[in-house]
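The values are calculated or read from the model by the stated rules, or taken from the named source; none is laboratory data. These figures come from a predicted structure and were not determined experimentally. Because the Cβ atoms are built from the backbone with ideal geometry, glycine has one as well, and the counts that use them run over all protein chains shown. With ligands, DNA and RNA removed, areas are computed over all heavy atoms of the protein, side chains included. Shrake-Rupley method; radii C 1.70, N 1.55, O 1.52, S 1.80 Å.
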Amino acid sequence: MNTVEVRNAVKYYGSGNDPFMILNKLNMTVPPGSIYALLGASGCGKTTLLSCILGMIPLDDGEISVFGNVTTKYATKVNGSRIGYMPQEMALVGELTVKETIYYFGKIFLMDIDKLRDRYDMLHKLLELPRGDQRIETCSGGQKRRVSFAAAMIHEPDLLILDEPTVGLDPLLREKIWSFMLDVTSTSKLSIIITTHYIEEARQAKCVGLMRNGVLLAEDKPMNIVNQNNVENLEEAFLALCLKRGVSEYAGALTYIETNGTNNNIYNTNNLEMNANRKHTSKYKNKNVFASVSTESRSNNLRWPIVKTLFIKVWTQLKRQPAALVLITFLPIIQLFFFYHACGGNPKGLQLAIVNNEIDDYETTCNRSTLISTYPHDYTCDLHLISCRFLDELTDETAIKVFFSSFDEAWKAAKRGEYIGIIEISRNFTEALEIVRKRPEEATEGIIQSSKIKVYLDQADLQLTFFLQRKIYEVYTNYTQNVLRDCKMPIKLDNIPMDFSESLFGSIDSDFKHTMMPAFTMLVVFVLSSGLTLSGIILERKEGFWNRTLLAGVSTIEILSAYIIINFIIVIMQLFEVLFLLTFIYGTYYHGSYMIVMMMLAILGCSGINFGLWISCLCSELMQANLLMSGITQPLTVLSGMIWPVEGMPIVLRIISYAMPTTIPSRAMREVIEKKYTLTHPNVLLAFGNLFAWFFITLYLGISAVKRSKYSRNT
Ligand SMILES: Nc1ncnc2c1ncn2[C@@H]1O[C@H](COP(=O)(O)OP(=O)(O)OP(=O)(O)O)[C@@H](O)[C@H]1O
């Protein structure tokens, strides 16, 4: 039985309307115990063919069998441990050492530790590997290639697929590797498929396949090919074969021609005709009906030794990136620190232009005597230059007063942006107020207007305007209440017949940041856990390590488990940090249950992990994923009700907002904290419903996306 047989393999790349043929009814046979050298110009489809054999990408038509397992519509499974694969790119993890890398592969193949040690020592010597404790990121290109080769060989596979293993190696080492391969293939059933650009080194192979335009021009012993073409060496034979075929480089330049599918070995230029028409109407076009052989995980269950190996690998990677570790540890604290100190504080240093027409000079006129309203000797309560009293209440805490002698001047200065507003008091302010207070029947419209303090505020900055309105109102209330108190009148007589002194929940002087804190904390937890997951997975997929691990027979779920466990630990650590900071450093008052808050944040963190998983499958580049996450974070923030109450949004946005994982849960979290709501309260139950829905939906999206794009496209 041949180790690999490829029959009439057809493979296209490109979109449905513009497919580009890479394999054109290609046939290939790899006998057991042999080295098969696949030669061909760059871009002719060698890697594509190997990927099809490995089951990383499906054929559009044809059949591949590996160890006699023929592909069908549903991929035939081959035990991953029977195959060793060295991809063209390094597909190694920079943070691991040489020894850790090779041991990693040994362990995911569940090798016995003594055997693993022996194999490592043997390969270390044979391949002249760098020191075992040297990190991969510090190895040269050639050293990395040798480590990658050793990793593919460590478990003594039956089939070794090597994509250009000897590039960048010195001739002596190349020779050493070839003699090793010749030795093992002659003494065992090991078959090796090797692609190489060094045509002459392929001389040593038992069989050579010369590939061009999506077909094998020839497949035979090197000497036979040389002899049949009456040339001196393989290079000349390849040239001669190419000249017979024509000049076009790619299979895509050919029109698909049906053949009888039996041209197994030797080139056949007659049954494939050149055609300038690149597009074609093949009945197989983009059908992807045949999946090729795919390596199989050796068990459907989670194998804990493998999960442990994967976990150790992710953890080692993490701890060897100090910057990432510091960020992961301190980012939530940093974000909360900025939030806590930047939000909710009272604006300071605002300047108000004051035009007090009642007095000429505030400093000299408004003194202790003008601040007195009652005269105990005759028990009267006559107001005197009462504007002084109002302005005395208006302290720098609210705004810095800058006096102007005319309204015009103040207006111009405010228009120049020098002042946030103007307060204007009329010339006969006290008199007018006395009339309104004591003889309201005499109060004309003019008198009423004069009795008012006019405030002009810059409405361009609404936050500041609202702040000042509130503060000026407080100043006014203090001022009237003090006057009433001096006059021995009930202070409740101040002019708004409403009392906001009692608060239903929370403190009357509740800080704005306390209101925003739950939504902000939730956003931090969700976005950080997503970001952490997606960056780890995208990098792993991009570097090809993901594919390599899958091809070793590890299941996607096992890889994901390691990520999920490690990210879950990080999320929990971050939660403790956040709660510690909020409770002990910032003294956020927690009346309610810590446990409920922790549970909410933990479920949200897990949803974030799932969400990151999903995004990592949608984007192949980290930059794309980061942009997408930024795009998602912005509406998540705006719609969370943190910046503006959800009740103020249009109905459609309100619905979207309530469906977000941060709106209802953050509201419930605030209610747990301030109103001591328990798990049985409908709002808390609703929040848990929302969080669990997010958890399960994102889990489904994440896992199904990972399964759909099992192998990353970057290899
Ligand atoms: N995912 C893809 N989508 C579209 N085209 C692709 C894809 N992967 C490869 N190709 C194209 O298919 C052709 C064959 O690529 P492949 O990597 O198989 O060539 P190769 O013979 O291995 O080249 P090299 O020796 O340089 O590695 C190339 O033209 C390449 O650009």
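Among the residues making up segment 464-473, a single one is open to solvent by 70 Å² or more (accessible area, probe 1.4 Å) and in contact (Cβ under 8 Å) with a residue 12 or more places away in the chain: Gln469. Of the residues making up segment 593-618, those that are within 22 Å of Arg708 (Cβ to Cβ) and open to solvent by less than 10 Å² (accessible area, probe 1.4 Å) are Ser607, Gly608, Ile609, Asn610, Gly612, Leu613, Ile615, Ser616. In segment 342-367, the residues that are closer than 15 Å to Gln463 by Cα form Cβ pairs under 9 Å with partners that are acidic (Asp, Glu) and open to solvent by less than 70 Å² (accessible area, probe 1.4 Å), at six or more places apart or across chains, as follows: Gly344/Asp511; Gly345/Asp511. Scanning segment 158-201 for residues that are assigned to a strand (DSSP E or B) and within 13 Å of Pro32 (Cβ to Cβ) gives Leu159, Leu160, Ser191, Ile192, Ile193. From the list Ile22, Ile64, Ile57, Ile53, the one residue that fits, being in a loop (DSSP other than H, G, I, E, B) and within 16 Å of the ligand (Cβ to nearest atom), is Ile57.
Could you please let me know if Met669 is within 29 Å of Ile566 (Cα to Cα), open to solvent by less than 70 Å² (accessible area, probe 1.4 Å) and in contact (Cβ under 8 Å) with a residue 40 or more places away in the chain?
It is true that Met669 is within 29 Å of Ile566 (Cα to Cα), open to solvent by less than 70 Å² (accessible area, probe 1.4 Å) and in contact (Cβ under 8 Å) with a residue 40 or more places away in the chain.
Going by the conditions given, is Gly43 more than 14 Å from the ligand (Cβ to nearest atom) and over 19 Å from Ile154 (Cα atoms)? Considered against the rule, which asks whether it is more than 14 Å from the ligand (Cβ to nearest atom) and over 19 Å from Ile154 (Cα atoms), Gly43 comes out as no.
When Gly587 is tested against (1) part of a helix (DSSP H, G or I); (2) open to solvent by 10 Å² or more (accessible area, probe 1.4 Å); (3) not hydrophobic (A, V, I, L, M, F, W, C), just one condition goes unmet, and that condition is (1). The condition of being surrounded by fewer than 17 Cβ atoms within 10 Å (Cβ to Cβ), on the phi > 0 side of the Ramachandran plot, of a type in the set (Gly, Ala, Ser) and modelled with pLDDT under 85 holds for only one of Gly344, Gly349, that being Gly344.
Please state which of the following conditions Ser620 fails to meet, knowing it meets all the rest: (1) assigned to a helix (DSSP H, G or I); (2) more than 25 Å from Phe338 (Cα to Cα). Condition (1) is where Ser620 drops out.
Kindly establish whether Thr166 is crowded, with 21+ Cβ neighbours inside 10 Å, under 39 Å from the mean Cα position of the chain (by Cα) and farther than 30 Å from Asp114 by Cα. When the stated conditions are applied, Thr166 does not pass them.
Looking for something farther than 30 Å from Gln134 by Cα, open to solvent by less than 80 Å² (accessible area, probe 1.4 Å) and not assigned by TED's automatic domain parsing to the domain that holds Thr465 - is there at least one such residue anywhere in segment 312-330? No; the residues of segment 312-330 include none that is farther than 30 Å from Gln134 by Cα, open to solvent by less than 80 Å² (accessible area, probe 1.4 Å) and not assigned by TED's automatic domain parsing to the domain that holds Thr465.
Which condition breaks for Trp546 when tested against (1) within 21 Å of the chain's Cα centre (by Cα); (2) open to solvent by 50 Å² or more (accessible area, probe 1.4 Å)? Condition not satisfied by Trp546: (2). The single condition from (1) away from the ligand (no atom under 16 Å from the Cβ); (2) crowded, with 20+ Cβ neighbours inside 10 Å that Phe180 fails is (2). Taken over segment 332-341, the residue count meeting the criterion of being closer than 15 Å to Val524 by Cα and surrounded by fewer than 17 Cβ atoms within 10 Å (Cβ to Cβ) is 4.
Comparison of Ser191, Ser186 shows that the only residue that is more than 16 Å from the ligand (Cβ to nearest atom) and surrounded by fewer than 23 Cβ atoms within 10 Å (Cβ to Cβ) is Ser186. Residues being at pLDDT 90 or above, over 32 Å from the mean Cα position of the chain (by Cα) and aromatic (Phe, Trp, Tyr) are represented in segment 35-53 by at least one member.
Without any contact (Cβ under 8 Å) to a residue 60 or more places away in the chain, surrounded by 23 or more Cβ atoms within 10 Å (Cβ to Cβ) and farther than 27 Å from Lys11 by Cα: is that true of Arg203 in this structure? Considered against the rule, which asks whether it is without any contact (Cβ under 8 Å) to a residue 60 or more places away in the chain, surrounded by 23 or more Cβ atoms within 10 Å (Cβ to Cβ) and farther than 27 Å from Lys11 by Cα, Arg203 comes out as no.
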